1. Report the net charge of residues surrounding Ile180, where surrounding means a beta-carbon distance below 12 angstrom and charges are Lys +1, Arg +1, Asp -1, Glu -1.
2. Between beta-carbons, use under 9 Å as the cut-off and find the net charge around His162, counting Lys and Arg +1, Asp and Glu -1.
3. How high is the FRET efficiency between His152 and Asp120 when r is their beta carbon distance and R₀ equals 25 Å, given to the nearest 0.05?
4. Could you work out the pair-distance distribution P(r) of the stretch 2-76 from its alpha-carbon pairs, with 10 angstrom bin width and percents rounded to whole numbers?
Amino acid sequence: MANYLNYSFKTWCLRAIAQIRFPPDQDAVMAELYAHMLDHYDALMEAGVGREEAERRTLEAMGSPEEIAPQLAAVHHPFWGWLLWGTRIALALILCAAVFCAVPYLRNTFYSGPDWNRYDPYEDTYISDEVGVTELVLRTEPDQSAESDGFHLTLTRAAWWHTDFVDDSQEDLDTFRFQIRVFNPRPWAGRPEFYEWLWAEDSLGNYYYPFYLDNAVAGDPGVTGNCYHSAPFTYTLDMWLSNFCSMDADWIDIHYDRSGRDIVLRIDLTGGDGA
């Protein structure tokens, strides 16, 4: 009789919840209705009513499941249930994205400018009795932008420094630095290759070899630097021109032209601020 009772009451409950469209609500209402029927059934049994009669009265007291079904469906509207589920899924995705972005951010070694006392090469004046005087010749924020393969490149800062060394055995040195911010909203895009293949030319025709070009000769002007993960979906290219020879030029163009691309970011050498 227990199996029959279980089947009879559960069949009634299944018919009553048939119009509830959100599965978790169906399970909750099913459990509540079934527990209520068992309580009613047990009360009748304790009053001395026979099993079959107790079962019949319980089903009769619950009424028609087909009439109750639309009332239960109206009370348990699926919108709030799906909204709750959607919110949970969105939070899970946000957490996964945060972890995905944090891993390379924590893994990368951060580079914050040259090792000259860890100063900011775009802001701080560097003076040392041992080295000499480093003078800021030009500081500018070019704000040039371009796109390639979903990557958005922005040339954000540039600075030209001239150093007079204390030791007369060393020639005066000109150093030119620039930064490019690379953004891509696709988490799987990974570390950009731009910093390895940037090359440059100035208005005088001087050429700066890309960092990984095989025929670049030591001592020739070149483009080199570092790439580090600076924000979610964003890398910063901290670059400089080695063997800088554009002191008399009006501008420098930074190029990226691998695989048919044609990206040019220009730095004006005639404006900007000096120290």
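1. Details: positive: Arg157, Arg177, Arg181; negative: Asp143, Asp238.
It works out to a net charge of +1.
2. Values: positive: none; negative: Glu135, Asp164, Asp172, Asp174.
Within the 9 Å Cβ shell, the charges total -4.
3. On the way: r = 24 Å, r/R0 = 0.97.
Once the sixth-power term is evaluated, E becomes 0.55.
4. Per 10 Å bin, starting at zero, the Cα-Cα P(r) for the stretch 2-76 comes out as 20, 50, 24, 6 percent.
Here, each number is a calculation from the coordinates, and none is a lab measurement. This structure is a prediction, so every number in the text was calculated from the model and none was measured. Methodologically, a virtual Cβ is constructed for each residue, glycine included, from the backbone with ideal geometry; neighbour enumeration extends over all protein chains shown.
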